[in-house]
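Visitor: This is the structure, below, for whatever I ask next.
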Amino acid sequence: MDETVYLNGSFLPLAQATVPVLDRGFIFGDGVYEVVPVYLGQPFRLDEHLARLAQSLEAVRIRNPLDMAGWHDVCTRLVAANAGLTDQSLYIQVTRGVAPRDQAFPQPEVSPTVLAMSMPLVTPSPELVESGVSAITALDIRWQRCNIKAISLLANVLLRQEAVDHGVAETLMLRDGYLTEGSSSNIFIVKEGVLLAPPKNQFMLPGITYDVVLELAQANSMPLKVGPVSEAQLRAADEIWLTSSTKEVLAVVALDGVTVNDGKPGPVFKRMHALYQAFKNQVMRPAR
Ligand code: PMP
């Protein structure tokens with residue numbers, strides 16, 4: 001199927017969507033992005049994703065090319081155009097635009113390049129949820145603005161490939177002896193029944209799924225603490241979870257070849273996974 005994409009105001013087949021080589025996204029990785037899961041044709045937490053996109057744009061001083069209504073319109077039309085895909089992963093990217101190669105911002109200002117496309121959403125299989133996944137740790141070699149969802153992802157690419165090279169699902173990053181996040185996920189741990197989450201700061205992406213998990217924990221009176229998680233706490237955890245829009249909530253059952261507790265997804269994970277699925281089904285239920 002030749003999917004439909006949105007590029008700079010037009011909806012067109014993917015094969016016809018092209019960008020000039022002088023686009024600053026191509027030359028410098030000068031842009032930001034979002035990934036929105038779409039269940040049963042409905043984008044999940046769309047306003048929160050669009051708010052984070054607006055924050056990323058502001059942080060890198062790219063003019064937001066569309067207002068909230070404009071973004072909603074693009075997303076709705078794109079999801080409808082790709083209705084053949086049951087669940088979708090909506091990818092949005094904005095770069096600083098096309099200009100002669102010079103690191104400084106183009107003068108006069110040029111129009112941002114706006115791309116949105118839809119890919120099949122592949123969430124973890126029931127078997128994977130049941131078994132959990134393995135992960136490794138690595139030094140967080142990224143920059144100091146990890147709260148910006150920037151398209152320049154070279155460090156994440158290298159870190160994620162390390163996981164693939166080790167035959168595991170994710171790389172958990174440590175900075176100055178503290179857990180930051182995964183190469184493409186946020187990380188939670190559980191110790192003696194208490195859920196621990198690293199705080200939002202410039203060293204991690206403020207995940208939309210991270211927020212949902214914290215809200216669900218609070219709403220269900222689960223013991224919870226948001227604060228720095230040391231490497232020692234990570235390695236002594238009873239449970240480790242990773243969260244992201246596409247992975248949802250997944251248990252990490254082995255870290256650097258050492259099993260986490262008994263090597264099976266723990267009871268707190270099972271509870272949160274059930275809460276997450278119930279919440280998702282509740283908010284995604286078609287309006288009557
Ligand atoms: N951290 C990083 C580095 C990520 O790339 C992602 C997902 N793209 C996340 C965390 C999770 O964010 P979200 O829950 O919004 O998908």
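The values are calculated or read from the model by the stated rules, or taken from the named source; none is laboratory data. Please read these numbers as outputs of a predicted model, since none were measured by experiment. Please note: Cβ atoms are built from the backbone with ideal geometry, for glycine as well, and neighbour counts cover all protein chains shown. Please note that ligands, DNA and RNA were not included when accessible areas were found on the heavy atoms of the full protein model with its side chains. Shrake-Rupley method; radii C 1.70, N 1.55, O 1.52, S 1.80 Å.
Visitor: Determine by what factor the alpha-carbon radius of gyration of the chain differs from 2.2 N^0.38 Å, reporting the quotient. Walk me through the numbers before you get to the answer.
Guide: Working: Rg = 19.5 Å, N = 288, 2.2 N^0.38 = 18.9 Å.
Relative to the 2.2 N^0.38 Å estimate, the chain comes out at 1.03.
Visitor: List the chymotrypsin sites (Phe, Trp or Tyr not before Pro) within the stretch 169-232 that DSSP assigns to loop and that have no more than 12 neighbouring Cβ atoms inside 10 Å.
Guide: When the chymotrypsin sites (Phe, Trp or Tyr not before Pro) of the stretch 169-232 are filtered for loop state and at most 12 Cβ neighbours within 10 Å, nothing remains.
Visitor: I'd like the distance between the alpha-carbon centres of the stretch 21-56 and the stretch 211-231, rounded to an integer number of Å.
Guide: Value for the Cα centre distance between the two parts: 26 Å.
Visitor: Enumerate the amide H contacts of Glu239 below 5 Å, restricted to partners 5 or more residues apart or on another chain; note that Pro and chain-start residues carry no placed amide H.
Guide: Under 5 Å from the amide H of Glu239 lie the amide H atoms of Val190, each far enough along the sequence or on another chain.
Visitor: Could you give me the ³J(HN,Hα) list for the stretch 152-167, computed from phi with Karplus coefficients 6.51, -1.76, 1.60 and θ = phi - 60°, whole Hz, x at Gly and Pro?
Guide: For the stretch 152-167, the Karplus-derived couplings read 6, 10, 4, 5, 4, 4, 5, 5, 5, 5, 4, 4, 4, 4, 8, x Hz, x marking Gly and Pro.
Visitor: Let me ask something additional. Carbon and sulfur together cover what percent of the accessible area of the chain at a 1.4 Å probe radius?
Guide: Values: 7690 of 13940 Å².
The computed percentage sits at 55.
Visitor: From the convex hull of the Cα coordinates of the stretch 126-284, what is the mean projected area in square nanometres? Could the numbers behind the result be given before it?
Guide: On the way: hull surface 35.5 nm².
Taking the Cα atoms of the stretch 126-284, their convex hull projects to 8.9 nm² on average.
Visitor: A further question follows. Using only helices, what value at 222 nm comes out for the chain when you add -39,500 (n - 2.57) per DSSP H run of length 4 or more and divide by the total residues, to the nearest 500 deg cm²/dmol?
Guide: Numbers: 8 runs with 86 residues, N = 288.
Result for the chain: -9000 deg cm²/dmol, rounded to the nearest 500.
Visitor: A further question follows. For the stretch 75-171, what is the convex hull volume of the alpha-carbon atoms per residue, in Å³? Walk me through the numbers before you get to the answer.
Guide: Numbers: hull volume 16.4 nm³, N = 97.
Enclosed volume per residue, from the Cα hull, is 169 Å³.
Visitor: Still on this structure: Rg and Dmax of the stretch 4-120, using alpha carbons, in Å: what are they?
Guide: Expressed in Å, the Cα Rg and Dmax of the stretch 4-120 come to 14.2, 44.
Visitor: Still on this model: Measuring from centroid to centroid over Cα atoms, what is the spacing of the stretch 144-192 and the stretch 77-99 in Å?
Guide: 25 Å
Visitor: Which of the peptides 225-235, 81-91, 102-112 is most tightly packed, and how do the rest follow, going by the mean number of other Cβ atoms within 10 Å of each residue? If you can, show how the numbers build up before the last one.
Guide: Values: 225-235: 14.5, 81-91: 16.5, 102-112: 11.8.
Packing proxy ranking, top to bottom: 81-91, 225-235, 102-112.
Visitor: Still on this model: Equivalent ellipsoid semi-axes for the stretch 132-180, as square roots of 5 times the alpha carbon gyration tensor eigenvalues: give them largest first, rounded to whole Å.
Guide: On the way: eigenvalues 70, 36, 16 Å².
Listed largest to smallest, the semi-axes of the stretch 132-180 are 19, 13, 9 Å.
Visitor: Hey, what's the stretch 4-120 come to in accessible area per residue, 1.4 Å probe, Å²?
Guide: Numbers: 5670 Å² over 117 residues.
The answer is 48 Å² per residue.
Visitor: Pairing the Cα long axis of helix 208-219 with the longest principal axis of the chain, what angle in degrees results, from 0 to 90 and rounded to the nearest 10?
Guide: For helix 208-219, the angle is close to 40 degrees.
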